[in-house]
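Heads up, the thing below is written out as structure tokens.
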Amino acid sequence: VINLNNGEQRWESYDQLVIATGALPIRPDVPGSDAAGIYALSNLESGIAVKEDVDRKKPQQAVIVGGGYIGIEMAEALVDRGMDVSVIEMAPEIMGTLDPDMAALLAKTVERHGVHLYREESFEKIETDNGAVRAVVTNKRTIPADIVIMAIGVRPDTELAREAEIPLGFKDAIIVNDRLQTKVANVWAAGDCVQSFHLVSRKPTYIALGTVANRQGRVIGANIGGDYAVFPGVMGTAICKIFDLEMGRTGLQEKEIRDLGLEFVSGTITSLTQAEYYPDAGKITVKLLAERKTGRLLGGQIVGERGSAKRIDTIAVALHAGVTVEEMINLDLSYAPPHSPVWDPVATAARKTASMI
Ligand SMILES: Cc1cc2nc3c(=O)[nH]c(=O)nc-3n(C[C@H](O)[C@H](O)[C@H](O)COP(=O)(O)OP(=O)(O)OC[C@H]3O[C@@H](n4cnc5c(N)ncnc54)[C@H](O)[C@@H]3O)c2cc1C
């Protein structure tokens, strides 16, 4: 242990050790990347630093590198602060945890709110002026910038574990068993620094989410307290709000299913979040993916107006239970006009998907 305030070092002994060092934002090592005005969001302090910079310097032009959850949430926040915002995304579409057809619905909204989306474009370097950022250079253009947010993902912070020779796996995340024990006796690990087991692909994966970290923390606490608890695995269930839209996703997306060599069908429907005659009923699009041969649900995605995102939890429970899309049609889902059409949009999507088999 090093006391960062005074540099003092000491050894602390343990009976049981929990490693929960989290993740670090990926920061490309390119010219200008250490200039003032470049931020990466990773914790409360880094969020506060961006807010203080915006309050103090009143930047006009913001460039965000990466169009995932954090990049797009930051785009909305900076548009709200009156800035001209550009997002650079290497892939053909933003929000890579959705299939491109669903992500395109979000992209339309993001652009409608004035954000310049530069897709299929890669970040190359930062131009500086007196040590501060002046512009961002991509393979296609130079975009003037007063502030830059690097949001190209995170990697597990496992330097400590590596030094202690604790075996690492997928993307250098710590390998743990069902009880969240590492391969070293009396050392446990949880959260953004560990490798997870994907409940649908049945393969190792790395998914950094607060939901997972919380559940894993509970499991380790129970185990260290003398109980016997196991963490079954993850499905990448996540939600997010983007301007006036919400998104949710769980399970496998098309490219992951193809990589597994499975044949699949997909069904996409557009319905409403409330009964159609009810004031403020909003649009909701639901997509389900199922194995062609068995009808087994493999994943689901939702994009829609207020009240859409949390409906992904119905799909997550169905996925966790291993049901088929045919079985999903008759799930006993609720209805009242202020909350849903008679046919819940998830059940309507199940009907469409089942009809494709
Ligand atoms: C901007 C942003 C938005 C997010 N939004 C969501 C969301 O909406 N939903 C969701 O599910 N997840 C979200 N997440 C992810 C979520 O925050 C993380 O998955 C979660 O915090 C992981 O918890 P953790 O305890 O594993 O790691 P952390 O919360 O990162 O905690 C790790 C701690 O360990 C400390 N540490 C590291 N190394 C050492 C060391 N050597 N010695 C001492 N201390 C050390 C770090 O400083 C840090 O404080 C978001 C993340 C970010 C950055």
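At q = 0.08, 0.14 Å⁻¹, what base-10 log of I(q)/I(0) does the Debye formula yield for the chain when every alpha carbon is treated as an equal point scatterer in vacuo?
Listed by q, the Debye log ratios stand at -0.47, -1.24.
Once a ≥ b ≥ c are taken as the square roots of the eigenvalues of the Cα gyration tensor of the stretch 225-328, is the result rounded (a/c under 1.5), prolate (a/b larger than b/c) or oblate (a/b not larger than b/c)?
Here the stretch 225-328 falls in the oblate category.
Determine the calculated [θ] at 222 nm for the chain from helices alone, applying -39500 (n - 2.57) to every DSSP H run no shorter than 4 residues and normalising by the residue count; nearest 500 deg cm²/dmol. Let's see the in-between values first.
Working: 9 runs with 91 residues, N = 357.
Mean residue ellipticity, 222 nm, calculated: -7500 deg cm²/dmol.
When the C-alpha atoms of the stretch 193-286 are aligned to their principal axes, what extent does each axis show, in angstrom, from largest down?
Between the extreme Cα coordinates on each principal axis of the stretch 193-286 lie 55, 36, 22 Å.
Would you please give the residues with an amide H less than 5 Å from that of ILE174, counting only those at least 5 places away or on a separate chain, with H modeled from the backbone geometry?
GLY169, VAL194, GLN195
State the Cα centre-to-centre distance between the stretch 276-326 and the stretch 224-242 in whole Å.
Cα centroid of the stretch 276-326 versus Cα centroid of the stretch 224-242: 20 Å apart.
Of ALA318, THR211, GLY67, which is farthest towards the positive pole of the chain's charge dipole, taken about the Cα centre with +1 and -1 on the beta-carbons of Lys, Arg and Asp, Glu respectively?
Sorting the options by dipole projection puts first ALA318.
Among the aspartates and glutamates, which fall within straight-line cross-link reach of LYS310, defined as a Cα-Cα distance under 14 Å, with same-chain neighbours fewer than 8 residues apart omitted?
Qualifying aspartates and glutamates at Cα under 14 Å: GLU246, ASP344.
Please compare each pair in LYS241/LYS283; LYS293/LYS352; LYS255/LYS283; LYS183/LYS203; LYS140/LYS241 to a cut-off of 20 Å on the Cα-Cα distance and tell me which ones are over it.
Cα-Cα > 20 Å for LYS255/LYS283; LYS140/LYS241; rest within.
At what distance in angstrom do the alpha carbon centres of the stretch 15-45 and the stretch 62-141 lie from each other?
The stretch 15-45 and the stretch 62-141 have Cα centres separated by 19 Å.
Hey, what do the phi angles of the stretch 4-9 turn into as Karplus ³J(HN,Hα) couplings, whole Hz, using 6.51/-1.76/1.60 and θ = phi - 60°, x for Gly and Pro?
3J(HN,Hα) across the stretch 4-9, in whole Hz: 5, 6, 10, x, 5, 10.
Can you work out the Karplus-derived ³J(HN,Hα) for every residue in the stretch 179-193? Use 6.51 cos²θ - 1.76 cosθ + 1.60 with θ = phi - 60°, whole Hz, and x for glycine or proline.
8, 6, 8, 6, 7, 9, 4, 6, 10, 10, 8, 7, x, 5, 9
Could you tell me what percent of the DSSP beta bridges with both partners in the chain are antiparallel, to the nearest 5?
If we restrict to bridges inside the chain, about 70 percent are antiparallel.
When the Karplus curve 6.51 cos²θ - 1.76 cosθ + 1.60 is applied with θ = phi - 60°, which whole-Hz ³J(HN,Hα) does each residue of the stretch 195-205 get, with x for Gly and Pro?
The phi angles translate into 7, 10, 9, 7, 5, 9, 7, 6, 10, x, 8 Hz.
Quick one: which residues, 5 or more positions from VAL136 or on another chain, have an amide H under 5 Å from its amide H? H modelled 1.01 Å from N in the peptide plane, none for Pro or chain starts.
Close amide H contacts, sequence-distant or interchain: GLU127, ILE143, ALA145.
Any idea what log10 I(q)/I(0) is at q = 0.16, 0.17, 0.21 Å⁻¹ for the stretch 1-125, Debye with uniform C-alpha scatterers and no solvent?
-0.88, -0.95, -1.31
Taking 45 Å as R0, compute the FRET efficiency from the Cβ-Cβ separation of TYR14 and ASP259 and round it to 0.05. Mind showing how you got there, number by number?
On the way: r = 40 Å, r/R0 = 0.89.
The pair TYR14/ASP259 has a calculated efficiency of 0.65.
Name the long-range amide H neighbours of PHE264: under 5 Å, sequence gap of 5 or more, or other chain; modelled H, no Pro or chain starts.
The answer is ARG292.
Among ALA104, THR142, SER196, whose Cα lies farthest out toward the positive end of the dipole of the stretch 102-199, if unit charges sit on the beta carbon of Lys, Arg (+1) and Asp, Glu (-1)?
Sorting the options by dipole projection puts first ALA104.
Any idea what the dipole of the chain comes to, in debye rounded to 20, about its Cα centre with Lys/Arg Cβ at +1 and Asp/Glu Cβ at -1?
On the way: 37 positive and 47 negative charges, 128 e Å.
The dipole magnitude comes to about 620 debye.
Gain in length, ALA49 to LEU199, computed as 0.36 nm per residue apart minus the alpha-carbon separation, to one decimal in nm?
Gain on stretching ALA49 to LEU199: 50.3 nm.
On alpha carbon coordinates alone, what is the Rg over Rh value for the stretch 86-240, Rh being the Kirkwood radius?
Values: Rg = 20.0 Å, Rh = 18.4 Å.
A ratio of 1.09.
Read the figures in this text as sums done on the coordinates, not as results from a lab. All figures in this text were calculated on a predicted structure; none of them were measured in a lab. Using ideal geometry, Cβ is built from the backbone for each residue, glycine included, and neighbour counts are taken over all protein chains shown.
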